[in-house]
Every structure is written in C-alpha cells, then in structure tokens.
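Q: Dumping the structure here so I can ask a few things about it.
The values are calculated or read from the model by the stated rules, or taken from the named source; none is laboratory data. Just so we're clear, the structure is a prediction, and the values are computed from it rather than from any experiment. Don't worry about glycine lacking a Cβ; one is built from the backbone with ideal geometry, like all the others, and counts go over all protein chains shown. Ligands, DNA and RNA are excluded from the accessible area calculation, which covers all protein heavy atoms including side chains. Shrake-Rupley method; radii C 1.70, N 1.55, O 1.52, S 1.80 Å.
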Amino acid sequence: MLASVLILDSFKLSHFGAMLLFALLVSVALACLTQRTASGWIKYTLLSLTLFVAISVGVAWMMYPISR
Amino acid sequence: MTVNEAPVTGASVHEAPLDHSSIPPPAPAINRTRSVLAPLAAIAGWLVPGLGHLLLGRWGRALGFFVSVGGLAITGYLMRGNVFPPHSSDPFGTLGFLADAASGVFYYFARIAEAAGPDVSRAAGDYGTRFIAAAGVVNVLALFDVLGIAARRRD
C-alpha cells in the first residue's frame, strides 16, 4: 500500500501532457476500430492525434479572452 | 469483342442455367459454433479488453484495444480519479459506475492501483475520473466491434 501511495504521489502530468496522452490512447482505439491494415492504423492514429491537439489548442486560444 | 463474335442475348443466358450442385450447402454445425462464439467473445472482451478480438483471431486489434483501455484506466488511477461504486443514489453516479465497470478487469484492479483513494480536489484527479470513464466507453466500442466481426463471419 505504501508503494502504491508513493507511485501515486510521484506521478505528475501537466495539463498538456494529460491531453496528449488521452488523445494518443483514444486515437489508437479509433484507428483499431476503423482501419484494417497496419499502415492505415499508423496514418489514422497520427491524423487523429494531430486533429485532437490542433482543435484543443484552438479551443484553448478561443477561451483565452474569457480567462482574462 | 471482335466483329465476328455473336452478342450475348437474354435467350442465350437462359439456355445455360447455373449449376447449383457445385455450391456446397451451409454447414449448420459451423454456424452454431460461430453463433455461440459471438456472445462468448463479447463477454471475454468485456472481462479483459482485447480478449474478444483475440478469440476471433484479430491479434492487432486485440493488442490495440488492450493498450488503449489499459493505458486510459491505469493513467486515471495514477491521477487519482474517482471510481464510482456499484450502488449510487444519483443517476450520474449510476452512469459513472456503468462507464467505469465497462473496462472489465481494470475496474476491479482499481482497488489495488488506487489504494490511497481518489483525490478530485486537484485538477489531475478530475481529469483522472474522465480517463477512467473513457476507458470503459472505448471498451464498449470494442465490444460492438467484436459482435460486428462475429456477425460478418456467421453470414
């Protein structure tokens, strides 16, 4: 239990890092669902990951004036 | 087509009927086995993400779903996200439980991985709750894929 608590306390992710990891893992799942070949998986994962990140950063910039 | 060749007419097609004796009859025993395999693969896929695809011989998809669901769930636990208990008084808690429990063995793994309990007072803990729920939702998509693959095989 102590080891578990130590691991939890040492696990730090920035907001961007968490978003990147979430986007990567969900992109892999979506690629597995929609593509049949290995090259298709890689292409779809990269495309989906890029779109996730681009749209997230875009929405973040759109919300920037609200946060000020 | 050369000039000397006769055009194919409707009458000539009817003169040469298809030989149905060459088509093998459907094997009922194989169809029965496959109809049993579909729910079995779906249950296996719920218990261990990717196992349903593995039973149907889809190694790549099995690995992809296991890594995706496992990665989301374990990251959520490490971020100390909230794991919803089976008995909840409000409907959102019930929905949260259904989403969390859909990740199969990883839901029961939460008791070990998150021994210190959730901490949603920090943003990371709140994000972790979403990671854990997303793991279950991705596994539900994988289950529908398993049922689809099994149905296509049966047809």
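Q: Using Cα-Cα distances under 8 Å and only pairs 6 or more residues apart, what relative contact order does chain A have, in percent?
A: Details: 25 pairs, mean separation 19.0, N = 68.
It rounds to 28 percent for chain A.
Q: Return the long-range amide H neighbours of B:Asn82 (sequence gap of 5 or more, or a different chain), with a cut-off of under 5 Å between placed amide H atoms.
A: B:Thr129
Q: Find the sum over both chains of the accessible area lost when A and B are paired, probe 1.4 Å, and report it in Å² to the nearest 100.
A: Values: alone 5830 and 10080 Å², together 14000 Å².
Chain pair A/B: roughly 1900 Å² of buried accessible area.
Q: Further, regarding this structure: Under a plain spin-label model, where a point goes 7 Å from the Cα along Cα-to-Cβ, how far apart in nm are B:Arg122 and A:Val59?
A: 2.4 nm
Q: Here is a follow-up. Mind listing, in residue-number order, the residues in segment A:13-45 that have at least 30 Å² less accessible area with every protein chain present than in their own chain alone (1.4 Å probe)?
A: Those are A:His15, A:Ala18, A:Phe22, A:Leu25, A:Ala29, A:Cys32, A:Leu33, A:Arg36, A:Trp41, which lose 30 Å² or more relative to the chain on its own.
Q: Same structure, new question: Tell me, how many Å apart are the Cα centres for segment B:134-154 and for segment A:6-63?
A: 21 Å
Q: Give the average over all directions of the projected area of the C-alpha convex hull of segment B:43-155, one decimal, in nm². Display every interim value, and only then the final one.
A: Numbers: hull surface 28.9 nm².
Mean shadow area of the hull around the Cα atoms is 7.2 nm².
Q: Using Cα springs under 10 Å in a Gaussian network model of chain A, which residue among A:Phe11, A:Phe52, A:Phe22 shows the largest mean-square fluctuation?
A: Result: A:Phe11 has the largest fluctuation of those listed.
Q: Also: Considering the Cα trace of chain A, what is its radius of gyration and what is Dmax, both in angstroms?
A: 16.4, 47
Q: Label-point separation (nm) for B:Ser35 and A:Arg36, each offset 7 Å from Cα along Cα-to-Cβ?
A: Simple spin-label model gives 2.7 nm for this pair.
Q: Can you give the FRET efficiency for B:Ala151 and B:His87, using 1/(1 + (r/R0)^6), R0 = 41 Å, r = Cβ-Cβ distance, to the nearest 0.05? Don't skip to the answer; put the middle values down first.
A: Numbers: r = 35 Å, r/R0 = 0.85.
E(calc), rounded to 0.05, equals 0.75.
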